[in-house]
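Here's the structure, in structure tokens; my notes come after.
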Amino acid sequence: MVSTEYSNDSSLRRIRVIADFQFGAGSGEALFPDGCTFQFSTTGRIRQVRLGNERLATVRAQDGRLTLGIAGATRLLAVLAPPAYRVAVQEDVAAFIADGKNAMAKHVVAADERIRAGDEVLVVTGNDVLLATGAALLSGREMLAFNYGVAVKVRQGRGSECFQVR
């Protein structure tokens with residue numbers, strides 16, 4: 001880890017503003033509680049945000065947008081009202097997606113129409129159980145209209161333990 005001239009409070013305020021911009025007002029505080037720790041790049045920019053041993057998010061170097069870890073996606077799911085940033089898939093493919101496989105357009109049953117290609121999204125079941133997080137390759141409308149191709153490039157799946165909870 002590289003230290004910077006920024007205080008932890010300054011880094012927390014900065015990362016919360018990014019989250020509010022990307023996911024909507026109030027998302028930053030919900031996603032990044034007090035007590036977060038930061039990992040910095042060699043140039044002193046925030047790269048990862050952690051809470052304890054869990055990665056909440058990573059800041060992409062190319063554009064400064066956030067990619068979510070499962071812990072961050074879980075926190076965001078709790079505060080964003082459906083269907084915000086959600087892609088719901090058929091139950092019969094849920095286990096595959098939870099294991100980290102991509103979500104195909106033909107399996108999407110619902111998607112937030114405001115999703116644009118490139119957005120960070122939450123892949124859920126019809127009952128709003130978090131399966132994975134990843135990058136949308138299609139817009140929300142395209143996910144519902146297409147019968148082929150990858151809709152969401154899954155970055156991290158939750159694993160099969162998410163089916164034992166409910």
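The values are calculated or read from the model by the stated rules, or taken from the named source; none is laboratory data. Computed from a predicted structure; not experimentally measured. Neighbour counts are summed over all protein chains in view; Cβ atoms, including those assigned to glycine, are modelled from backbone coordinates with ideal geometry. What goes into the accessible areas is simple: the full protein's heavy atoms, side chains included, and nothing from ligands, DNA or RNA. Shrake-Rupley method; radii C 1.70, N 1.55, O 1.52, S 1.80 Å.
How large is Rg/Rh for the stretch 26-76, to two decimals, with Cα atoms and a Kirkwood Rh?
0.95
Tell me, how many Å apart are the Cα centres for the stretch 77-120 and for the stretch 15-55?
Cα centroid to Cα centroid, the span is 23 Å.
State to the nearest 20 debye the size of the charge dipole of the chain about its Cα centre, where the only charges are +1 on K and R beta carbons and -1 on D and E beta carbons.
My answer is approximately 340 debye.
What is the gain in length, in nm to one decimal, between residue 54 and residue 99 on full extension, counting 0.36 nm per residue of separation less the C-alpha to C-alpha distance?
14.4 nm
At 1.4 Å probe size, with no ligands or nucleic acids counted, give the accessible surface of residue 146 in Å², nearest ten.
Approximately 80 Å² of residue 146 is accessible to the 1.4 Å probe.
In whole percent, and with a 1.4 Å probe on the protein chains, what portion of the accessible area of the chain is carbon and sulfur?
Percent of accessible area from carbon and sulfur atoms in the chain: 51.
Tell me, what ³J(HN,Hα) does each residue in the stretch 10-21 have, in order and in whole Hz, if you take phi through Karplus 6.51 cos²θ - 1.76 cosθ + 1.60 with θ = phi - 60° and put x for Gly and Pro?
Taking θ as phi minus 60°, the curve returns 5, 5, 5, 4, 4, 5, 5, 5, 4, 5, 4, 5 Hz for the stretch 10-21.
Per residue, how big is the convex hull around the C-alpha atoms of the stretch 1-89? Give it to me in cubic angstrom, could you?
Dividing the Cα hull volume of the stretch 1-89 by its residue count gives 99 Å³.
Who wins for biggest fluctuation among 89, 121, 59 in a Gaussian network model of the chain, springs between alpha carbons below 10 Å?
Sorting by GNM fluctuation, first place goes to 59.
If contacts are Cα pairs under 8 angstrom and at least 6 residues apart, what is the relative contact order of the chain in percent?
The normalised contact order for the chain reaches 17 percent.
On average, how much accessible surface per residue is there in the chain, in Å², for a 1.4 Å probe, leaving out ligands, DNA and RNA?
Ligands and nucleic acids excluded, the result is 52 Å² per residue.
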